[in-house]
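The values are calculated or read from the model by the stated rules, or taken from the named source; none is laboratory data. Just so you know, these numbers come straight off a predicted model, no measurement behind them. With ideal geometry, Cβ positions are generated from the backbone for all residues, glycine too; neighbour counts draw on all protein chains shown. Heavy atoms of the whole protein, side chains included, go into the accessibility calculation; ligands, DNA and RNA do not. Shrake-Rupley method; radii C 1.70, N 1.55, O 1.52, S 1.80 Å.
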Amino acid sequence: MTKEEIIKKHKQYLFPSIFTYYSEPLVTDHASMQYLWDTDGKKYLDFFGGIVTISVGHANPRVTSKVKAQIDKLQHASTVFPNEAVVALAEKIAQITPGEISQSFFSNSGTEANETAIQLARMHTGNFEVVALRHGYSGRSQLAQGLTGHGGWRKSLPGGTHGIVHALNPYCYRCPLGKTYPSCEVACAKDVEAVIQTTTSGQIAAFIAEPIQGVGGFVTPPKEYFKIVFKIIKNYDGLFIADEVQTGWGRTGKRWFGIEQWEVTPDIITSAKGLANGVPIGGTFTRPEIAASFEGLQISTFGGNPVTSVAAKATIDLIEEDRLMDNAATVGSYFRDGLEDLKSKHELIGDVRGMGLMQAIELVKDRDSKEPAPQETNQFMEECRKRGLLVGKGGFYSNVIRMSPPLNIAKSDVDEAIRAMDESLMAISPAAVGAGKAY
Ligand code: PMP
């Protein structure tokens with residue numbers, strides 16, 4: 001098919017809700033490690049990795065060789081029959097998850113992983129109500145949309161969501177309480193308690209949050225935040241669910257899971273995306289006594305599929321063997337320095353945030369008013385594309401550029417990305433070069 005045919009059929013045969021990032025759709029052809037090619041043969045440095053999913057490089061042969069071998073051996077027989085691949089993966093996960101988390105339930109997406117976590121928390125505690133955060137994203141089922149704190153992603157819920165309440169999010173750049181860290185004393189964390197006291201019965205099943213809000217624009221809480229929230233949740237008998245769909249598997253640097261950066265041990269971890277380097281997977285992990293509450297017959301036809309399990313285990317092993325968590329920290333901090341430099345040159349950048357190889361810039365029309373710059377964000381993406389760089393978008397105001405390259409990129413890849421971003425910023429607003437710096 002030609003590119004034009006693909007675009008035409010995409011419009012004709014897929015639901016219109018599927019959106020594309022660019023004014024002219026980028027039709028993908030093939031990819032290898034940190035690079036992706038479109039059908040015109042143009043090569044891109046991929047700094048978004050299929051929405052924070054390509055952990056160890058596109059089509060990494062150390063993962064795909066194992067996947068191919070498993071496809072030839074046994075692709076699917078369903079979880080009614082135990083298989084070696086799924087137990088090897090679950091055992092590996094038990095070894096690296098924090099605290100006493102040692103049992104897994106596998107499904108096919110982050111949505112299902114979160115849905116499972118909430119079902120489990122409700123069954124285990126006997127309580128129904130759940131606290132989530134504004135600007136959080138939990139997935140696209142009705143329950144997951146209910147947990148989500150963005151109006152635009154909740155369109156299937158005109159009747160509202162029963163039993164889910166949303167606390168203020170720890171968005172320091174745009175503090176919902178108008179305060180400044182650290183003099184705020186992390187007042188946003190205390191809002192979790194106020195929300196429980198005022199909008200629930202006082203008996204909750206769970207609190208769910210992403211350690212770094214992904215779709216929300218890599219909103220990164222202050223270091224005290226989750227410890228304070230954890231204590232509050234325990235006072236109301238709830239379970240703490242860390243949604244690690246974007247932050248898991250070394251993405252934030254040095255540690256396997258994002259929540260470990262806040263020194264909190266969650267009761268349940270959910271995962272998807274980067275766990276299998278692009279092969280569809282969802283996972284919900286917890287302690288045996290909580291898992292024991294998962295009552296009734298529960299099955300996911302594809303969950304724990306041997307091919308998927310082999311892909312996930314190969315991805316985790318590769319991250320471990322090549323010490324990619326350390327690489328994410330080292331190259332991530334180099335990347336962060338580059339982004340801070342860009343901020344010192346370009347007024348359009350209002351904030352730089354993130355951790356490890358999960359970094360974002362928030363674009364504003366004016367640094368004092370912090371008025372969001374969504375049009376400029378779109379333009380920036382187009383300019384980066386022209387220069388062969390793929391980046392993601394997010395944020396409640398659609399003005400955050402999100403970057404999550406594979407964990408095994410080198411500093412030279414960062415140099416290339418920063419150069420393309422610098423030129424792109426110049427192209428969209430040369431007049432906005434800050435601090436009088438010429439370059
Ligand atoms: N949780 C988080 C934090 C996510 O970022 C996403 C997807 N963007 C989901 C859950 C839902 O995952 P999926 O699209 O695989 O259902």
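Structure data summary
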read-out	value
Residue satisfying condition, being on the phi > 0 side of the Ramachandran plot, open to solvent by 10 Å² or more (accessible area, probe 1.4 Å) and touching an Asp or Glu at 6+ places or on another chain (Cβ under 8 Å), within set Gly202, Gly253, Gly178, Gly163	Gly163
Leading residue by the ranking (farthest from the chain's Cα centre (by Cα)) among those in the stretch 290-319 that are open to solvent by 70 Å² or more (accessible area, probe 1.4 Å) and free of Cβ contacts under 8 Å to residues at least 40 places away in the same chain	Leu297
Count of the stretch 288-309 residues which are of a type in the set (A, V, I, L, M) and over 21 Å from Ile101 (Cα atoms)	2
All strands (runs of 3 or more DSSP E) inside the stretch 140-245 with 3 or more residues being away from the ligand (no atom under 14 Å from the Cβ)	164-167, 204-209
Selected residue (only one of Glu347, Glu382, Glu376 is surrounded by fewer than 23 Cβ atoms within 10 Å (Cβ to Cβ), at pLDDT 95 or above and touching a Leu at 6+ places or on another chain (Cβ under 6 Å))	Glu376
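Yes or no, residue by residue, for (1) part of a loop (DSSP other than H, G, I, E, B); (2) open to solvent by less than 70 Å² (accessible area, probe 1.4 Å); (3) away from the ligand (no atom under 11 Å from the Cβ):
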site: Ile71; (1), (2), (3): no, no, yes
site: Gln75; (1), (2), (3): yes, no, yes
site: Leu89; (1), (2), (3): no, yes, yes
site: Gln95; (1), (2), (3): no, no, yes
site: Phe105; (1), (2), (3): no, yes, yes
site: Glu112; (1), (2), (3): no, yes, no
site: Thr116; (1), (2), (3): no, yes, yes
site: Arg122; (1), (2), (3): no, yes, yes
site: Gly136; (1), (2), (3): yes, yes, no
